[in-house]
Structure formats: C-alpha cells, structure tokens
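One structure below.
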Amino acid sequence: MNFMKIKILAAAILMISAFSVDAQRYFTREAKIDFISDAPMEQIEAHNSSATTVLDISNGQLEFAVLIKAFLFEKALMQEHFNENYMESDKFPKANFKGNIQNPEAVKWGVDGTYPIEVSGKMTIHGVTRDVTAPGTIVISGGAVSASSSFAIAVADYDIEIPSVVREKIAKEVAINVNVNFQELK
C-alpha cells in the first residue's frame, strides 16, 4: 500500500512540475510593432499586428519574428517602395530579435503590477545583426502578461540604403514601438 501512495505522489509531483514548466512560457502571434520615420519633409508610419513573440519567464529569454511585408502603410505606394526598394522583402522576408530581460528579478510574475525592465539581445533586420538594448515595461494584471517598449534604430546600421532623391523624407533614426499581450503557452 505504501508503494502505491508513493507512486501516486510521484505522479502528482511530475504533473505539477510539467504544468509549471508550461506556465513559464508565454507567446502571441499578434504582437504589435509600429515604426515612425519623423523627417523634416514627411512623417511616415507603418503598423504590423502579426509579429510572433515568445517569452520564457523562468530565464527571461525573449524572441520576436516579424514578417516585413506585414507592415501596413497609409499609402500603398509607400508600402511598395518600403518592400521593394528599401527593405528588399523578397530577399530579407523577416526581422528577428533574440535576447533576455536583463533584470528579471525586477518582475514579480505572480503579482499584479507594472515593472520596468531592460532587454538586451541581437536584432536582425535586412540581413544585418546588431546588439540592441532597450527599456521596456511588463504589466501583470489578473494573471495576464503584457509588455511594451519604445526605442530607436539607425537605418544605416542595417545597411538600408535611402536614395538621395527621397533622403529628406526619411529619418536617419526610426522610432519603434512594441506592444504585446501574451497568452500562456500550453
């Protein structure tokens, strides 16, 4: 009889362990990424609401994958130029980020609140990979986890060439805004 109780207890511990491992990973395929080029001659905005994101709260690892062609512009011609001339979306269809929350101890994952974080990692855009560090915020509310960040990147850092005829219409640094509502990965 004792052997049977031990087996049941061991099975229960394994099930609880497996559940807690799953509960430590969050994801979405609907992360929102916006960018704004605010140049003296023109402001250009694009929005993408289909970025895939995975967050592992056990170690603070964070990954993003973004389809370049999923960025939507106010004007179709801007979108066409963005994909064909600047980003070469057929050649470089995705942008990626792989990194970590640098201060994971700052987030109390089981407690509602707003937690400032810093994220560092490698971002690949247009086939070029660079180190990136950005401030962010994790919000936990009723067990739901969301995150946001705003930072800037220099277009030249990613070998994105801007023709001289439109150089005054495109900012040298582009503002990036990220908003994510995670779901538990089950």
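The values are calculated or read from the model by the stated rules, or taken from the named source; none is laboratory data. Keep in mind it's a predicted model, so treat the numbers as computed, not measured. Methodologically, a virtual Cβ is constructed for each residue, glycine included, from the backbone with ideal geometry; neighbour enumeration extends over all protein chains shown.
Does Ala152 fit the bill of being in contact (Cβ under 8 Å) with a residue 12 or more places away in the chain, part of a strand (DSSP E or B) and either within 16 Å of Gln24 (Cα to Cα) or hydroxyl-bearing (Ser, Thr, Tyr) (or both)? Show your work before the answer.
Values: in contact (Cβ under 8 Å) with a residue 12 or more places away in the chain: yes; part of a strand (DSSP E or B): yes; either within 16 Å of Gln24 (Cα to Cα) or hydroxyl-bearing (Ser, Thr, Tyr) (or both): no.
No; evaluated as a whole, the condition is false for this residue.
Considering only residues that are surrounded by 15 or more Cβ atoms within 10 Å (Cβ to Cβ) and of a type in the set (Gly, Ala, Ser), look in the range 1-47 and name the one that is modelled with the lowest pLDDT.
Only one residue tops the list, namely Ala23.
So which pairs qualify, if the first residue must be in the range 157-168 and surrounded by 12 or more Cβ atoms within 10 Å (Cβ to Cβ), the second must be of a type in the set (Lys, Arg) and at pLDDT 85 or above, the Cβ gap must be under 8 Å, and the two must be at least 6 apart or on different chains?
Asp157/Arg130; Tyr158/Arg130
For residues in the range 113-156 being among the small types (Gly, Ala, Ser) and surrounded by fewer than 13 Cβ atoms within 10 Å (Cβ to Cβ), which is nearest to Ile57 (Cα to Cα)? Before you say what the answer is, go through the steps one by one.
First, the residues of the range 113-156 that are among the small types (Gly, Ala, Ser): 113, 120-121, 127, 134, 136, 141-144, 146-150, 152, 154, 156.
Subset that is surrounded by fewer than 13 Cβ atoms within 10 Å (Cβ to Cβ): 113, 127, 141-143, 154, 156.
On the way: Gly113: 15, Gly127: 28, Ser141: 16, Gly142: 17, Gly143: 13, Ala154: 30, Ala156: 33 Å.
Ranking the qualifying residues of the range 113-156, first place goes to Gly143.
Residue pairs, Cβ under 9 Å, 6 or more apart or interchain, first in the range 110-128 and within 11 Å of Lys98 (Cβ to Cβ), second surrounded by fewer than 16 Cβ atoms within 10 Å (Cβ to Cβ) and of a type in the set (Val, Ile, Thr). List them.
Note: pairs meeting the criteria are Val119/Thr133; Ser120/Thr133; Gly121/Thr133; Lys122/Thr129; Met123/Thr129.
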